[in-house]
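Any read-out appearing in this document is the output of simple, stated calculations on the displayed coordinates, not a laboratory observation. As the structure is a prediction and not an experimental result, all values here were calculated from the model. Note that each Cβ is placed from the backbone with ideal geometry, even for glycine, and that neighbours are counted across all protein chains shown.
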Amino acid sequence: MKGSKNIGFDPINIYVMNPDQDFEPNDIDIWYYKDPIFQGISSQFAYINEHKPLILHTDFSWNEGNNAELFRKYSNITCRFTSEKTGHQVVTYAVMETNPIGAFNKGKLADQIRCRTPKWPTADTARLDISVNGQDYLGNYQIQMVEALTALRISPLSGPVDGSTRLTIYGTGITSSVPHDHPVFVKFGNLVDEPLIKSQVVDESYEDEVYHSDFNMHKQWLKHAEAGWPAVEEGAALKKYSGARTPDVRRHVLGQDAPYWRGVGGLINVQIGEVVPINITEHNERDERFQQSKEATIPVVY
């Protein structure tokens, strides 16, 4: 097999010797492949409470040892994350994709691998390896598993429909990205997102009495409003951000002065997270320039 140029096309039969020292014929084959070459990764970090998509730009050596159809059929692509501190290990499934995803090009072959980070017990450095067959790994990327990105408390709890209310957010992980200047966004329901200004984030040791004293209303009423919120321990180390401004909901829901649709108007969930760019390719068969598809990038906060 040494020097063969088509190991990706020809299987090798696997035989087991029987008691008569004969090899019984069968249809059990093993398929060989040429190791792919990884040419870069989309991110250096992940929050420990997320399943972050990671894109590995990959040279699969199509038609230079690997056949795309057989490679996809017989592969079991996985990503393995191993803690450099404790040895904790998690394996996640991965898929081959063509960039951009959904591109209308029948002749284009996969050129990237996508997998997701697992949730991680604590902030850590993990080693990422990739396997084609689920057993033999290569790659050796470092992924920083950073503090969980959360929004735990806000103040105030309400504001006028025309927006511009200054909102204070208490949470964790807001400044833990790698690199530090990696953008984080505040999202209001599914209406609008705005960049979070990290220079305005300060450390805060959470005190329940201090937090509630800003509201000037009965504590029991506040506790009722917070019934579904996650618990925060007294003295917990949080991040405090007071630079967010609520949006004008009337601009997003036409014909209604005070909409009451959860996630759209009225009660609005506040989230913090990264922006994930999604490439949108539009194809119109009735357009004379059908082969010249239009592309746009839409940022999505998760």
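Diagonalising the gyration tensor over the Cα atoms of the range 36-83 and scaling each eigenvalue by 5 before taking the square root yields semi-axes of 26, 13, 8 Å, largest first. Per-residue Karplus couplings for the range 15-22, computed as 6.51 cos²θ - 1.76 cosθ + 1.60 with θ equal to phi - 60°, are listed in order as 10, 10, 6, 8, x, 8, 6, 10 Hz, Gly and Pro entered as x. Each of 39, 138, 68 was placed along the dipole of the range 33-146 (beta-carbon charges, centred on the mean Cα), and the one lying farthest toward the positive end is 68.
Under a Cβ-only charge scheme (Lys and Arg +1, Asp and Glu -1), can you give me the dipole magnitude of the range 66-189 about the Cα centre, in debye to the nearest 20?
Around 280 debye, computed over the range 66-189.
Checking a compactness column here: for the range 33-146, what do you get for Rg(Cα) / (2.2 N^0.38 Å), N being the number of residues? Don't skip to the answer; put the middle values down first.
Values: Rg = 14.5 Å, N = 114, 2.2 N^0.38 = 13.3 Å.
Normalised by 2.2 N^0.38 Å, the Cα Rg of the range 33-146 equals 1.09.
Beyond 31 Å in Cα-Cα separation lie the following of the pairs 119/187; 108/187; 219/240; 52/223; 85/223; 198/223: 108/187; 52/223; 85/223. Close amide H pairs (under 5 Å, H built 1.01 Å from N) link residue 45 with 144, residues at least 5 positions away or on another chain.
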